[in-house]
Amino acid sequence: MTPPHIKRSRKQESDTAKAYGGRTQPGSGSGWVHRNDVLTERFLIENKRTDNARSITIKADDLRQLRINATRLDRIALLEFQLGGHDYVILHRDDFAGYLDDE
């Protein structure tokens, strides 16, 4: 039987893939072939979740590796997380600046 926290993580990945028009990565995080959770035409997305409604831990090494993986795939790195019942997205300042330039 799949533990509840695994089910919640898989649902988060599935919801993210649907929201961004992408697909979940098979075995994400468990090997070197498919790193991170969701791949779209523009983004490589890593999902984080916590049952703690007040805080989440985000590691610099995880952000750095996500950006490296995204660059290799010619994608923009996004870290999406749920906290306190809300969804948030983090991206590198250089990538965000690209959105500002488009305005």
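The values are calculated or read from the model by the stated rules, or taken from the named source; none is laboratory data. The structure displayed is predicted, hence computed values, not measured ones. Neighbour counts run over all protein chains shown; Cβ positions are idealised from the backbone, glycine included.
For L44, state whether it is assigned to a helix (DSSP H, G or I) and out of contact with any Cys (no Cβ under 7 Å at 6 or more places or on another chain).
Numbers: assigned to a helix (DSSP H, G or I): no; out of contact with any Cys (no Cβ under 7 Å at 6 or more places or on another chain): yes.
No.
The residue of the stretch 9-54 that is modelled with the lowest pLDDT, among those that are over 10 Å from the mean Cα position of the chain (by Cα) and of a type in the set (F, W, Y), is W32.
Looking at R23, R64, R93, R8 in this structure, which one is in contact (Cβ under 8 Å) with a residue 40 or more places away in the chain and surrounded by fewer than 19 Cβ atoms within 10 Å (Cβ to Cβ)? Can you show your working first?
Working: R23 fails: in contact (Cβ under 8 Å) with a residue 40 or more places away in the chain; R64 fails: in contact (Cβ under 8 Å) with a residue 40 or more places away in the chain; R93 fails: in contact (Cβ under 8 Å) with a residue 40 or more places away in the chain.
Result: R8 is the single residue among R23, R64, R93, R8 that is in contact (Cβ under 8 Å) with a residue 40 or more places away in the chain and surrounded by fewer than 19 Cβ atoms within 10 Å (Cβ to Cβ).
Out of the stretch 90-103, which residues are assigned to a helix (DSSP H, G or I) and either under 11 Å from the mean Cα position of the chain (by Cα) or not basic (K, R) (or both)? Show your work before the answer.
Restricting attention to the stretch 90-103, the residues satisfying the condition of being assigned to a helix (DSSP H, G or I) are 93-101.
Result: D94, D95, F96, A97, G98, Y99, L100, D101.
Here G84, G98 are screened, and the one residue that is free of Cβ contacts under 8 Å to residues at least 60 places away in the same chain, small (G, A, S) and under 16 Å from E41 (Cβ atoms) is G98.
When residues of the stretch 66-89 are filtered for being assigned to a helix (DSSP H, G or I) and under 20 Å from S9 (Cα atoms), how many remain? Full working, then the answer.
Residues of the stretch 66-89 that are assigned to a helix (DSSP H, G or I), as a first pass: 66-72.
Imposing the further condition that a residue be under 20 Å from S9 (Cα atoms) reduces the set to 66.
Residues meeting the conditions: 1.
Can you tell me which residues in the stretch 57-73 are in contact with a Phe, Trp or Tyr (Cβ under 8 Å, 6 or more places away or on another chain) and either among the hydroxyl-bearing types (S, T, Y) or over 17 Å from L39 (Cβ atoms) (or both)? First the steps, then the outcome.
First, pick out the residues of the stretch 57-73 that are in contact with a Phe, Trp or Tyr (Cβ under 8 Å, 6 or more places away or on another chain): 58, 70.
Scanning the stretch 57-73 gives a single hit, I58.
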